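Each remark here refers to the structure printed beneath this line.
The values are calculated or read from the model by the stated rules, or taken from the named source; none is laboratory data. None of these values were measured; they are calculated from a predicted model. Virtual Cβ from ideal backbone geometry, glycine too; neighbours counted across all protein chains shown.
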Amino acid sequence: MILTSFVRIFLFASQSFWRNIWLSIVTITIIVLTFVSINFLIVINVISGAATQIIENKVDISLYFKPDITEPQVLEVESYLSSLTQVKEIAYVSQKDALEKFRKKHLQDQMIIDSLEELSANPIGATLQVKAKNISDYPAIIGVLDNSKYNQLILDKNFDDHKVYIEKIKSLSDNLKKIGFSLSAVFILIASLIVFNTIRVAIYTHRQEIAVMKLVGATNWFVQGPFLLEAIFYGVIACVLAIIIVYPLIGFVQPHLNNFFLTEEFSLINYFNDNFWLTFGLELLAVILLNIISSSIAIRRYLKV
Amino acid sequence: MIIFKNLSKIYPPDVAALKNINLHIRPKEFVSIVGRSGTGKTTLVRILIAEESPTKGEIIVGGWDITNIRQSEIPVLRRQIGVVFQDFKLLSKKTVFENIAFALEVCGTDREKIKEIIPQVLKIVGLENKQDRYPRQLSGGEQQRVAIARALVHRPKILVADEPTGNLDAFNTREIVDLLLKINEFGTTVLLVSHNSEVVNSINKRVITLDNGQVSSDQKVGKYLL
Ligand SMILES: Nc1ncnc2c1ncn2[C@@H]1O[C@H](COP(=O)(O)OP(=O)(O)OP(=O)(O)O)[C@@H](O)[C@H]1O
Ligand SMILES: [Mg+2]
């Protein structure tokens with residue numbers, strides 16, 4: 001009997017859905033747009049996070065030692081730096097390797113190569129490449145070095161190349177997030193109002209059936225259930241459509257991302273696949289909850305039992 | 001079967017529709033309720049099916065005090081009281097069969113039971129061979145008979161008819177009244193609200209007259225006064 005009733009409520013809900021099909025389509029469209037804008041927000045978040053991480057991984061401080069600093073001295077600095085809690089790893093490039101690198105880099109430039117040959121001593125100092133655990137730790141590390149006795153051994157410290165990029169990404173993604181957030185908020189608001197109105201119209205369309213139902217002693221959940229279920233339908237259908245729309249969209253964006261980051265290691269599609277239930281599941285739950293709230297308000301206001 | 005005790009109803013802000021009504025309607029009785037327009041007859045019906053709650057007093061149906069009935073219990077009450085109105089309240093897009101089935105469907109009755117009950121109630125109202133017609137293909141009297149059939153699906157102990165013949169001609173009116181009398185003979189308590197003095201006078205059963213929200217007369221075998 002419970003099952004029979006549930007099937008009937010389901011049938012009534014779908015009848016109501018079809019009876020005002022154009023209204024249903026409009027409602028679903030708006031909810032789809034809501035889903036898409038929320039996913040846009042997620043995409044922005046994921047991309048900016050990935051971009052920052054990719055760039056952060058490239059950030060390090062290069063400490064160029066004076067050419068007359070010996071290897072033991074450099075290694076002493078290395079072990080000193082290793083003892084700092086902010087430091088993640090240190091790469092040591094010896095004088096010889098540094099020279100080799102330099103040579104390779106300027107292979108085309110005969111003049112530089114020639115002048116290198118003329119020098120008896122190695123003019124290139126050793127290098128330490130220091131990676132911090134956290135991007136914000138670099139100033140502290142530099143600060144420590146500046147105030148240490150080792151400072152005089154160092155010819156030059158190279159940092160801040162990437163800081164500008166990170167800042168730019170951050171401000172760009174902050175702006176995009178603001179847009180996405182406002183867009184989502186507007187769509188959520190519109191969607192709630194539309195669902196409210198659609199259910200109101202559905203109740204109006206069915207006022208005779210409702211009157212009869214009440215007269216013959218249908219229980220409240222039988223009278224109200226179909227409208228609540230109809231609102232849930234909208235959420236579910238819109239969610240499925242949103243998934244169908246979002247995947248091709250991210251498929252379209254992916255090659256551009258690969259070009260931009262010059263790497264294929266970051267995949268939006270993988271992100272959405274890995275977090276499918278978390279993103280779409282949560283979004284669906286939220287939208288259903290929202291629809292239940294708006295339709296309940298409509299039911300309470302327009303469906304006096 | 002039905003007891004009204006010191007019942008008053010004031011529609012906000014100050015329309016006193018019923019004033020201190022005291023009535024006792026016994027099981028299997030056939031009661032006509034008459035009175036001028038706006039004297040509270042429909043209000044009495046609406047309180048009986050818990051569409052309105054009384055402002056004062058008590059109402060007891062079949063030993064059940066429904067004065068402060070809970071929202072969730074109203075459906076239980078309505079399944080025990082069949083109601084028909086002047087405007088039939090049939091669904092125009094459903095056939096006779098579907099209209100009656102609808103009343104059972106929304107109460108969770110299963111398919112087999114519905115198929116079993118509908119021929120029975122259609123037989124009572126004499127519409128066995130018109131179950132596939134739409135309301136617009138029926139006369140007013142036939143439409144009202146469908147409404148009565150629908151009111152009977154839960155085998156109610158009480159049948160309330162609020163001006164059931166208001167829209168009908170003399171011939172159809174007679175048929176509906178005869179049908180109500182027949183249903184009463186089967187053991188159902190019938191409450192007939194009517195304007196029609198000829199009808200009421202021909203029934204020769206209890207007549208309660210309301211005047212200005214009060215019971216002005218209550219005759220065992222009555223005539224339409226006023
Ligand atoms: N919902 C309401 N709100 C306010 N006043 C109402 C309401 N319903 C009815 N009334 C008033 O209560 C009084 C009794 O109304 P009711 O409908 O019970 O009369 P009635 O005897 O059924 O009349 P009729 O014979 O015309 O159907 C009338 O004065 C009416 O205007
Ligand atoms: Mg009336």
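There is no residue in the stretch B:6-22 that is hydroxyl-bearing (S, T, Y), within 16 Å of ligand 2 (Cβ to nearest atom) and under 17 Å from the mean Cα position of the chain (by Cα). B:G187 meets each of the listed conditions (1) on the phi > 0 side of the Ramachandran plot; (2) in a helix (DSSP H, G or I) apart from (2). The conditions of being aliphatic (A, V, I, L, M) and part of a helix (DSSP H, G or I) are met by A:V164. When the stretch B:1-37 is filtered for residues that are on the phi > 0 side of the Ramachandran plot, more than 9 Å from ligand 1 (Cβ to nearest atom) and of a type in the set (G, A, S), nothing remains.
Over 17 Å from B:V193 (Cα atoms) and either away from ligand 2 (no atom under 16 Å from the Cβ) or basic (K, R) (or both): is that true of B:R174 in this structure? No; evaluated as a whole, the condition is false for this residue. A count restricted to the stretch A:134-154 and to residues that are exposed (fewer than 14 other Cβ atoms within 10 Å of the Cβ) and in contact (Cβ under 8 Å) with a residue 24 or more places away in the chain stands at 1. Looking at the stretch A:273-290, can you tell me whether even one residue there is in contact with a helix residue (DSSP H, G or I) (Cβ under 8 Å, 6 or more places away or on another chain), under 24 Å from A:E56 (Cα atoms) and in contact (Cβ under 8 Å) with a residue 12 or more places away in the chain? For the stretch A:273-290, residues in contact with a helix residue (DSSP H, G or I) (Cβ under 8 Å, 6 or more places away or on another chain), under 24 Å from A:E56 (Cα atoms) and in contact (Cβ under 8 Å) with a residue 12 or more places away in the chain: absent.
Output the residues belonging to the stretch B:68-89 that are buried (at least 16 other Cβ atoms within 10 Å of the Cβ) and within 28 Å of A:R300 (Cβ to Cβ). Answer for the stretch B:68-89, where residues must be buried (at least 16 other Cβ atoms within 10 Å of the Cβ) and within 28 Å of A:R300 (Cβ to Cβ): B:I69, B:I74, B:P75, B:L77, B:R78, B:R79, B:Q80, B:I81, B:V83, B:F85, B:K89. Taken together, the residues in the stretch B:38-64 that are in a loop (DSSP other than H, G, I, E, B), on the phi > 0 side of the Ramachandran plot and either within 14 Å of chain A (Cβ to nearest Cβ) or away from ligand 1 (no atom under 13 Å from the Cβ) (or both) amount to 3.
Reported count of residues in the stretch B:91-107, each being farther than 15 Å from A:K214 by Cβ and either more than 9 Å from chain A (Cβ to nearest Cβ) or not in a helix (DSSP H, G or I) (or both), is 9. A search for C-beta distances below 6 Å between a residue of the stretch B:152-170 that is under 22 Å from B:A101 (Cβ atoms) and within 12 Å of another protein chain (Cβ to nearest Cβ) and any residue that is among the small types (G, A, S) and away from ligand 1 (no atom under 16 Å from the Cβ), counting only pairs 6+ apart in sequence or on different chains, returns B:L152/B:G82; B:V153/B:A103; B:P156/B:G82. Screening the stretch A:14-133 for strands (runs of 3 or more DSSP E) wholly inside it with 3 or more residues that are surrounded by 13 or more Cβ atoms within 10 Å (Cβ to Cβ) and of a type outside the set (A, V, I, L, M, F, W, C) returns the ranges A:127-132.
This table checks each residue for (1) within 16 Å of ligand 1 (Cβ to nearest atom); (2) exposed (fewer than 15 other Cβ atoms within 10 Å of the Cβ); (3) among the acidic types (D, E).
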{"site": "B:R150", "(1), (2), (3)": "no, no, no"}
{"site": "B:L159", "(1), (2), (3)": "no, no, no"}
{"site": "B:R174", "(1), (2), (3)": "no, no, no"}
{"site": "B:E198", "(1), (2), (3)": "no, yes, yes"}
{"site": "B:N201", "(1), (2), (3)": "no, yes, no"}
{"site": "B:K205", "(1), (2), (3)": "no, no, no"}
{"site": "B:N212", "(1), (2), (3)": "yes, yes, no"}
{"site": "B:Y224", "(1), (2), (3)": "yes, no, no"}
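Report yes if B:E73 is farther than 26 Å from B:S139 by Cβ and either within 16 Å of ligand 2 (Cβ to nearest atom) or more than 14 Å from chain A (Cβ to nearest Cβ) (or both), otherwise no. Against the criterion (farther than 26 Å from B:S139 by Cβ and either within 16 Å of ligand 2 (Cβ to nearest atom) or more than 14 Å from chain A (Cβ to nearest Cβ) (or both)), B:E73 does not qualify. Any chance you could count how many residues in the stretch A:210-233 are within 48 Å of the chain's Cα centre (by Cα), facing chain B (nearest Cβ under 8 Å) and either in contact (Cβ under 8 Å) with a residue 12 or more places away in the chain or assigned to a helix (DSSP H, G or I) (or both)? Qualifying residue count for the region: 3. The set of residues from the stretch B:108-125 being loosely packed, with under 15 Cβ neighbours inside 10 Å and within 9 Å of another protein chain (Cβ to nearest Cβ) comprises B:D110, B:R111.
Screening the candidates B:V45, B:V31 for the property of being within 14 Å of ligand 2 (Cβ to nearest atom) and among the hydrophobic types (A, V, I, L, M, F, W, C) yields one hit, B:V45.
Selection of first residues in the stretch B:34-53 that are under 11 Å from B:I81 (Cβ atoms) and of second residues that are near ligand 2 (Cβ under 8 Å from one of its atoms), restricted to Cβ pairs under 8 Å at least 6 apart or on distinct chains, gives the following pairs, ordered by first then second residue: B:V45/B:D162; B:V45/B:V193. Take A:L99 and decide whether it is of a type in the set (A, V, I, L, M, F, W, C) and either under 30 Å from A:L41 (Cβ atoms) or assigned by TED's automatic domain parsing to the domain that holds A:I44 (or both). Against the criterion (of a type in the set (A, V, I, L, M, F, W, C) and either under 30 Å from A:L41 (Cβ atoms) or assigned by TED's automatic domain parsing to the domain that holds A:I44 (or both)), A:L99 does not qualify. Restricting the stretch B:76-90 to residues that are within 27 Å of B:G140 (Cβ to Cβ) and aliphatic (A, V, I, L, M), which is nearest to the other protein chains (Cβ to nearest Cβ)? My answer is B:V83. Residues that are surrounded by 21 or more Cβ atoms within 10 Å (Cβ to Cβ) and under 23 Å from B:G166 (Cβ atoms) within the stretch B:1-24 comprise B:I2, B:K9, B:A17, B:L18, B:I21, listed in sequence order.
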